[in-house]
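Here's the structure we're looking at; comments come further down.
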Amino acid sequence: QVQLVESGGGLVQAGGSLRLSCAASGRTFGSYAMGWFRQAPGKEREFVAAVSWSGGNTHYADSVKGRFTISRDNAKNTVYLQMNSLKPEDTAVYYCAARPSPTTTPRAEEYDYWGQGTQVTVSS
């Protein structure tokens with residue numbers, strides 16, 4: 001069982017940056033691939049980024065490639081999402097998720113554990 005708690009969301013102007021954190025409970029954090037997803041009002045949840053359990057492999061949605069960076073610190077049981085050059089269309093609730101596998105996937109249904117989400121609002 002893994003419990004996930006996101007933090008770091010907030011209100012930022014377009015072009016600004018935010019860093020999201022996701023703290024995980026449990027001693028087996030290093031056994032999980034981790035992902036970030038987001039859901040905007042009236043839209044379906046969409047994949048943002050994922051990182052393998054070692055941190056050696058990452059995967060990004062085309063819409064955030066070059067602007068967002070996912071990373072993890074297994075010693076701190078934490079995964080991060082650094083978001084730069086934010087756009088109003090990045091406004092959404094951001095969720096982290098854990099998958100008991102070494103490899104990444106953009107498929108939400110393959111993640112077993114989810115956090116409660118953190119709101120990111122980008123003003124124009």
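The distance between label points at Asn57 and Asn84 comes to 2.6 nm (points 7 Å beyond Cα on the Cα→Cβ vector). Under 5 Å from the amide H of Phe68 lie the amide H atoms of Asn84, each residue being 5 or more positions distant or on a separate chain, with H modelled from the backbone and absent for Pro and chain starts.
Distance between the pseudo-spin-label points of Ser7 and Ser71 (7 Å out from Cα toward the beta carbon): 1.8 nm. Once the trypsin sites (Lys or Arg not before Pro) in DSSP loops with at most 13 neighbouring Cβ atoms within 10 Å are cut out of the chain, the longest remaining piece is 77-106. Each other residue within a Cβ distance under 11 Å of Tyr111 adds +1 if Lys or Arg and -1 if Asp or Glu, for a net charge of 0. For the chain, the equivalent ellipsoid built from the Cα gyration tensor has semi-axes of 23, 14, 13 Å, listed from largest to smallest.
Just to confirm a number: summing +1 for Lys and Arg and -1 for Asp and Glu over residues other than Ala49 whose beta-carbon lies under 14 angstrom from that of Ala49, what do you get? My count for the surroundings of Ala49 gives +4. Summed over the residues of the chain and divided among them, the accessible surface reaches 51 Å² per residue at a probe radius of 1.4 Å.
For segment 19-35, the Karplus equation 6.51 cos²θ - 1.76 cosθ + 1.60, evaluated at θ = phi - 60°, returns couplings of 10, 8, 10, 9, 8, 10, 8, x, 8, 10, 3, x, 8, 10, 6, 10, x Hz by residue, with Gly and Pro reported as x. Loop-resident GluC sites (Glu not before Pro) (DSSP state other than H, G, I, E or B) in segment 31-101 with no more than 12 further Cβ atoms inside 10 Å of their Cβ: Glu44.
Expressed in units of 2.2 N^0.38 Å, where N is the residue count, the Cα radius of gyration of segment 1-63 is 1.27.
Quick one: with all protein chains in place, what share of the accessible area of the chain is carbon or sulfur, to the nearest percent (1.4 Å probe)? If you can, show how the numbers build up before the last one.
Numbers: 2810 of 6270 Å².
Here it works out to 45 percent.
Distance between the modelled labels on Thr105 and Lys43, one decimal in nanometres: 2.4 nm (7 Å Cα→Cβ projection). When the chain is treated as a GNM with alpha-carbon contacts under 10 Å, the residue of Thr58, Thr104, Thr28 showing the greatest mean-square fluctuation is Thr28. Distance distribution note for segment 49-120: the fraction of Cα pairs above 13 angstrom is 69%. Dipole orientation for the chain: of the candidates Pro41, Asn77, Thr121, Asn77 has the Cα lying most toward the positive pole (charges on Cβ; Lys, Arg +1; Asp, Glu -1).
3J(HN,Hα) couplings calculated from phi for segment 112-121 with the Karplus curve 6.51 cos²θ - 1.76 cosθ + 1.60 (θ = phi - 60°) are, in sequence order, 8, 10, 9, x, 7, x, 9, 7, 10, 10 Hz; Gly and Pro show x.
The values are calculated or read from the model by the stated rules, or taken from the named source; none is laboratory data. From a predicted model like this one, the values you see are computed outputs, not experimental measurements. For neighbour counting, all protein chains shown are included, and Cβ atoms are generated from backbone atoms with ideal geometry for every residue, glycine included. What goes into the accessible areas is simple: the full protein's heavy atoms, side chains included, and nothing from ligands, DNA or RNA. Shrake-Rupley method; radii C 1.70, N 1.55, O 1.52, S 1.80 Å.
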